[in-house]
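The structure under discussion appears below in the form of structure tokens.
The values are calculated or read from the model by the stated rules, or taken from the named source; none is laboratory data. From a predicted model like this one, the values you see are computed outputs, not experimental measurements. Neighbour counts are summed over all protein chains in view; Cβ atoms, including those assigned to glycine, are modelled from backbone coordinates with ideal geometry. Accessible surface areas use protein heavy atoms only, side chains included; no ligands, DNA or RNA. Shrake-Rupley method; radii C 1.70, N 1.55, O 1.52, S 1.80 Å.
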Amino acid sequence: MSDEVDEILLTLDDKLAKSQSVLAENYASIRAGRANPHILDKVCVSYYGVDTPINQVATISVQEGRCLVIAPWDSSLLKPVEKAIQVSNIGIHPNNDGKVIRLVFPQLTEERRKDLCKDVRKMGEDAKVACRNVRREAMESIKKYRTAKTLSEDECDNAELDVEDYTKKAISKVDDMVSEKEKEIMTI
């Protein structure tokens, strides 16, 4: 295989992996009835004038499967952390006992689970669209080499087959991620 094809396939593989990791990050922030510390990844608190993620100013632990315990290292941060969680709109009210903050995850209703599954499928479809866009870019690059006659017809044909193969594997992985997350949400 030529260097040009290797470059196209490396770029393709990298972008497909990035699409999958973005989907995984989005799925980590979905509340599925179980306590998940990643739900707080995007919540920031003002710490000495700098917006800092909660997981960098406190210990976050799961207690009894349905409760997150947030223990700030600096006790003066209890109120700001509580306020940051309230305004973050994650749908859980924090309980502050003066030492730690507890987030108790309520059981999800059947209707809410179905809504979350719809969101999961939409995110999965968006990831598949991103994969297809990456495939289109790679195919256009191969087409440019074909029209410039930099690569032979056989090399271009083989490269296109490789692009299709990489894309099918990536889309299959996205489908697996979607079904796994749906199963997690629907499990009571």
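Count of region 86-104 residues, restricted to those that are out of contact with any helix residue (DSSP H, G or I) (no Cβ under 7 Å at 6 or more places or on another chain), over 26 Å from GLU182 (Cα atoms) and surrounded by 12 or more Cβ atoms within 10 Å (Cβ to Cβ), is 4. Go through region 148-188 and report how many residues are open to solvent by 60 Å² or more (accessible area, probe 1.4 Å), closer than 17 Å to ASP126 by Cα and over 15 Å from the mean Cα position of the chain (by Cα). Looking only at that region, the number is 2.
Taking the conditions (1) among the polar types (S, T, N, Q); (2) crowded, with 17+ Cβ neighbours inside 10 Å; (3) in a loop (DSSP other than H, G, I, E, B) in turn, GLN107 satisfies each one other than (2).
Looking across LYS79, LYS99, LYS83, LYS114, one residue alone is within 18 Å of ALA28 (Cα to Cα), of a type outside the set (S, T, N, Q) and at pLDDT 85 or above. It is LYS114. Residues that are touching a strand residue (DSSP E or B) at 6+ places or on another chain (Cβ under 7 Å) and either of a type in the set (A, V, I, L, M) or closer than 20 Å to ALA24 by Cβ (or both) within region 44-60 comprise VAL45, PRO53, ILE54, VAL57, ALA58, ILE60, listed in sequence order. Within region 39-47, the presence of a residue that is open to solvent by 40 Å² or more (accessible area, probe 1.4 Å), aromatic (Phe, Trp, Tyr) and assigned to a loop (DSSP other than H, G, I, E, B) is excluded. The residue pairs whose first member lies in region 64-77 and is surrounded by 12 or more Cβ atoms within 10 Å (Cβ to Cβ), whose second member is among the basic types (Lys, Arg), and whose beta carbons are closer than 6 Å, counting only pairs six or more residues apart or on different chains, are CYS67/ARG102; VAL69/ARG102.
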